[in-house]
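A short write-up of the structure that comes next.
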Amino acid sequence: MPKMISRPAAGLTGRLSVPGDKSLSHRALMLGALSVGETRITGLLDGEDVLSTAGALRMLGADIDRGNDGTWSVHGRGVGGLTEPAGVLDMGNAGTGARLMMGILAGHPFNSTLTGDESLCARPMERVMSPLRPMGVAFEARTGGRLPVTVKGTDRLIPTRQVMTVASAQVKSAVLLAGLHARGQTTVIEPVATRDHTENLLAAFGAEIAREQTDEGLAITLTGQPELTARDVQVPGDVSSAAFPLIAALITKDSDVTVEGIGLNPLRTGLLDCLREMGADISIENPRELAGEPAGDLRAKGSSLAGITVPAERAASMIDEYPILAVAAACAEGDTVFEGVGELRVKESDRLSAIADGLTACGVSVEEEQDRLTIHGCDGPPPGGGAVEARLDHRIAMSFLVLGVAAEAPVSIDDGAMIETSFPGFAGLMNGLGAVLESDG
């Protein structure tokens, strides 16, 4: 296991680009595979999670290649045109890939089995299987609805109208991708709106999709069995990845860092709202549009932060950013409270517990409840000096390496290998700004 250590640093400065948005990367590959023609994708995240999705789609018959210039080419097979795989589809650590793939496989008349690494095989999949069963799909899974899961698909899917019981873009997307293969209209109703990358890309590829606000919530209706048409997609930088250098700059005195070309979908920018409420000097420059969504350059300067209460309704727009926001909270004046964050317990790890334990190890006082976390800020550099268990979770690993940049003493993590799943080259980019991240033995 490659242990890593992060040492206190002076001001961070520079401009950088971060890997492409992981959510959009998965979806661009999948919709390219379900389209007619050649889809060309630039800016795709080359991390292990997305490569797992590409590998699974190849096993299902899609022709996918990466050019020397980093441009990906997907020759699609059309809606319902994938073929039975010769073996098990290994999704690695890709929770998004696995859950969305279940929706796609639902509409194909063959059996296919999905598995993953130790972390992914511990994550709940029943939340995806439950809304797909009324559409005519059957599943075999381990106890508790865990991977490996065998999807018994059908070419006679039943369109459905369902109210989402979990605020999850992955669950919603699985139902919509299954609905692509059903004759008629499939409607998903969200009491709490979640990121809408799937809907935006479906429309861009030619699907008929409508959105309407109802008494029950936002109703998203997809007309099934369209002919999707290949298109060029430029994937913007991932705001979840940009969060790490941006917050490193905010909590380190005399810093000035700009991260270029970041996707700014309004359903993904809850973190920016929180940081501004905390008093962060963070701005958007050069606004533009990428992949049909707003984008821009984000600039952050060293700031004095103050604690806030993050309301439960904001969780859906920033669920992946709580670990790094906790690092900002540790450096802030006063208390920061995360409300309604029970969903963090079923991510790549029990992130709520991992955050609390990691902060405690670094001398930060916290109070952990079932779906709530209170962080007592240090009003400046936290003590640091802790040895943190990353728990095979890339966001926990990167967050505590960022904490070490601003702490009074170095912070170490037990394993940094999984960082490559979402942010290839993370340590090198951070060191290019002036951080000191290195292998520890």
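Coordinate-derived values only; no laboratory data. Keep in mind that what you see is a predicted model, and the values were worked out from it rather than measured. Using ideal geometry, Cβ is built from the backbone for each residue, glycine included, and neighbour counts are taken over all protein chains shown.
Taking a Cβ cut-off of under 14 Å around residue 301, the surrounding Lys, Arg, Asp and Glu residues balance to a net charge of -1, with basic ones at +1 and acidic ones at -1. Only Lys, Arg, Asp and Glu carry charge here, each on its Cβ (+1 for the first two, -1 for the last two); on that basis segment 35-96 has a dipole of about 180 debye about its Cα centre.
For segment 278-361, the Kirkwood estimate of the hydrodynamic radius, built from every pair of different alpha carbons, is 14.5 Å.
If you take the Cα centroid of segment 153-179 and the Cα centroid of segment 276-309, the two points sit 33 Å apart.
Principal semi-axes of the equivalent ellipsoid, √(5λ) from the alpha carbon gyration tensor of segment 86-131, are 17, 14, 8 Å from largest down.
Could you give the size of the charge dipole of segment 336-383 about its Cα centre, using +1 on the Cβ of each K and R and -1 on the Cβ of each D and E, expressed in debye and rounded to the nearest 20?
Values: 4 positive and 10 negative charges, 23 e Å.
So the magnitude is around 100 debye.
To the nearest 20 debye, what charge dipole does segment 22-222 have about its Cα centre, counting +1 at the Cβ of each Lys and Arg and -1 at the Cβ of each Asp and Glu? Mind dumping the intermediate values first?
Working: 19 positive and 21 negative charges, 81 e Å.
Computed about the Cα centre, the dipole is about 400 debye.
Mean sequence separation of contacting Cα pairs (under 8 Å, at least six apart), scaled by the length of the chain, corresponds to a relative contact order of 20 percent.
Amide H contacts of residue 388: 412, 413, 414, each under 5 Å away and 5 or more positions distant or on a separate chain (H built 1.01 Å from N in the peptide plane; Pro and chain starts excluded). Kindly state, to the nearest 0.05, the FRET efficiency for residue 253 paired with residue 273, given R0 = 30 Å and r defined as their beta-carbon distance. Efficiency at R0 = 30 Å is approximately 0.80. Pairs of Cα atoms nearer than 8 Å and 6+ residues apart set the relative contact order; for segment 1-101 it is 30 percent. The share of C-alpha pairs in segment 41-91 whose separation exceeds 17 Å stands at 37 percent. Other residues with beta-carbon under 13 Å from the beta-carbon of residue 162 carry, at +1 per Lys or Arg and -1 per Asp or Glu, a net charge of +2. Relative to its residue count, segment 201-332 spans a Cα convex hull of 117 Å³ per residue.
For segment 74-157, the calculated P(r), taken from all Cα-Cα distances in 5 Å bins from zero up to the bin holding the longest distance, is 3, 16, 28, 26, 18, 8, 2, 0 percent.
For segment 22-222, what is the Kirkwood estimate of the hydrodynamic radius, computed as the reciprocal of the mean inverse distance between distinct Cα atoms, to one decimal in Å? All intermediate terms of the calculation are to be shown ahead of the outcome.
Numbers: mean 1/r = 0.0600 Å⁻¹.
It works out to 16.7 Å.
Cα convex hull, segment 288-441: 127 Å³ per residue, rounded to a whole number. Looking at the chain, the DSSP beta bridges with both ends there are about 75 percent antiparallel.
Filter the chain for me: DSSP H helices, axial length by Cα at least 18 angstrom, mean Kyte-Doolittle hydropathy not below 0.0. List them by residue number. Each step should come with its number before you reach the end.
On the way: long enough: 394-406 (19 Å, 1.53).
The qualifying helices are 394-406.
Electrostatic bookkeeping for residue 109 treats Lys and Arg as +1 and Asp and Glu as -1; over the other residues with beta carbon under 12 Å from its beta carbon, the sum is 0.
Ranked highest first by the average count of other Cβ atoms within 10 Å around their residues, in what order do 175-182, 197-204 fall? List each step's numbers first, then the result.
Values: 175-182: 26.1, 197-204: 22.1.
Averaged packing, sorted descending, gives the order 175-182, 197-204.
When the inverse distances between all different Cα atoms of segment 56-119 are averaged and flipped, the Kirkwood radius reads 12.7 angstrom.
For the chain, lysine pairs with C-alpha atoms less than 30 angstrom apart, excluding pairs fewer than eight positions apart on the same chain, total 12. Relative to its Kirkwood radius, the Cα radius of gyration of the chain gives an Rg/Rh of 0.97.
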